[in-house]
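The values are calculated or read from the model by the stated rules, or taken from the named source; none is laboratory data. Model, not experiment: these values are computed from the prediction. Virtual Cβ from ideal backbone geometry, glycine too; neighbours counted across all protein chains shown. The protein model used for the area step is the full one, side chains on, heavy atoms only, and it has no ligands, DNA or RNA in it. Shrake-Rupley method; radii C 1.70, N 1.55, O 1.52, S 1.80 Å.
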Amino acid sequence: MQYGLIGAKLGHSYSKIIHERLCGYDYQLRPLPTEAEARRFLEERPFKAINVTIPYKRLVMEYCDEIDPRAAAIGAVNTVVNRDGRLYGYNTDYMGFAWLCRRHGVDFAGRTVLILGTGGTHNTAAAVARDAGAARILTASRRPDRAKGQLSYEEAAASGAQIVVNTTPAGMYPDVGVCLLDAAAMSGLEAVVDVVYNPSRTELLLRAEEAGVPVTVCGLEMLVAQAVWAAEYFLAKPFADREGEICRSAAALRREILNISLVGMPSSGKTTVGRALAERLGRTFVDLDAEIVRADGRSIPDIFAAEGEEGFRARETEQARRFGKESGLLISCGGGIVKRRENVRALRQNGVVLFLDRPLEKLAVGGGRPLSSSPEALRQMEAERRPLYQAAADAVIPNDGSPEQALERALQALDELFAQ
């Protein structure tokens, strides 16, 4: 093994994709589920350079012959370079987190900052906030150490913090939906930063968005930025355009991993355009209505006849949750998926949503669609759903011409969304 990543669980990691795209070397993921395995690996030192993730960022320091002063002050190492058998430890998370916050305008100066969690990344976030002039730094834990002034999550919600930083794995794939702090209960929040990057919108970030918090940002760009700095240590060579490299790599990673969901009226072209878009982008195409039929064993009209719309919507929600937490899919949704708020949240947690907007006069009537059996029903449905489509969508794609035109418009919109 020359280069790679160690940690207890690595199934969620995108580090291999990032490093191999950046530098072209072979980068291996080496899960080490137990501390004993991690210690044995570090004693043997069978690598040129590695990154380190949860829960070994502190343990690895015991094996470093030299530790960068900043990493020593933070008390966590996430990058280790083997030079002639001697291990040198660094903390590139600091640079990555600082870059992420600068990029999104998170201003720590004079603010009260609440950090969730007490692990190695907590210390990194605290160091960045402190160096940027934070007035107070508070810590929340499920088992607060009162001697260290730590808060319970109930106390944290009433702390008056302006900035919240989550450094715990809460809400990380596959255990999506977990949230330790209800941001909606906190008034005056200016920013919520979650170092979790899979999914791109954790439950914490979704709640913060819904509460109107001005800045909500996940850790994807932090992951890319720290990898760029780590690669510089690996190869002992700086990138000529470090910031540009971070932006390009983050955009490429979003394009590869984020889901794309299509919403819109029945017969608006979601299946036709969706299949073409999936083929163009090399993605797996998922038709949620077909998945409902496959899982239930009955046709959609039969489900409606037996259980009504509510019975169908419950099955739709199950499939939205099932596929919404995955990565790299092209998901074509039924026309009414936006009627349930939880469906939109499931689609948005790890992807972007496109509203395929076809003129009313071009929509089909009937065709086995239980809720669009007449022109009047279709007109009323469109009036009710249009605001829901617009609220759910990251971009609106007019489909008033050929499928090829809609496809090109969708590709252009995705280029802009992934570059943000």
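Points worth noting:
- Two-decimal log10 I(q)/I(0) for the range 1-153, as the Debye equation yields it once each C-alpha is a single scatterer, q = 0.10, 0.12, 0.15 Å⁻¹: -0.40, -0.57, -0.86
- Stretch gain in nm, segment Gln380-Ala295, where the contour uses 0.36 nm per residue and the Cα spacing is subtracted: 27.6 nm
- Computed E for Lys362/Glu279 - FRET, C-beta separation, R0 22 angstrom, nearest 0.05: 0.40
- Listed by chain and number, the aspartates and glutamates placed with their C-alpha closer than 18 angstrom to that of Lys270 are Glu279, Asp287, Asp289, Glu291, Glu316, Asp357, Glu361, Glu382, Asp394, Asp400, Glu404, Glu408; residues fewer than eight positions away on the same chain are left out.
- Sites Arg322 and Thr272 - FRET efficiency at Förster radius 22 Å, r taken between beta-carbons, to 0.05: 0.40
- Full-extension gain in nm, Lys339 to Arg103, via 0.36 nm per residue minus C-alpha separation: 81.5 nm
- FRET E, pair Arg142, Leu29, Förster distance 25 Å, beta-carbon r, rounded to 0.05: 0.35
- Per the Debye formula on identical point scatterers at the alpha carbon atoms of the chain, with no solvent, log10 I(q)/I(0) at q = 0.12 Å⁻¹ is -1.00.
- Order by protection proxy (mean Cβ within 10 Å, highest first), peptides 76-84, 89-97: 89-97, 76-84
- Fully extended contour minus Cα-Cα distance, from Ala36 to Ala158, at 0.36 nm per residue: 39.9 nm
- The peptide list 271-280, 21-30, 203-212, put in order of mean Cβ contacts within 10 Å with the highest first, becomes 203-212, 271-280, 21-30.
- Counting DSSP beta bridges with both ends in the chain, the antiparallel % (nearest 5): 15
- Relative contact order for the chain, counting Cα pairs under 8 Å that sit 6 or more residues apart, in percent: 11
- The range 125-191: translational diffusion in µm²/s, Stokes-Einstein, Kirkwood Rh over Cα pairs, 25 °C, 0.890 mPa s: 188
- Computed with a 1.4 Å probe on the full set of protein chains, the accessible area for Glu408 sits at about 90 Å².
- Placing unit charges on the Cβ atoms only, positive for Lys and Arg and negative for Asp and Glu, gives the range 1-41 a dipole magnitude near 60 debye about its Cα centre.
- The lysines whose alpha-carbon is closer than 16 Å to the alpha-carbon of Lys16, local same-chain residues fewer than 8 away aside, are Lys48.
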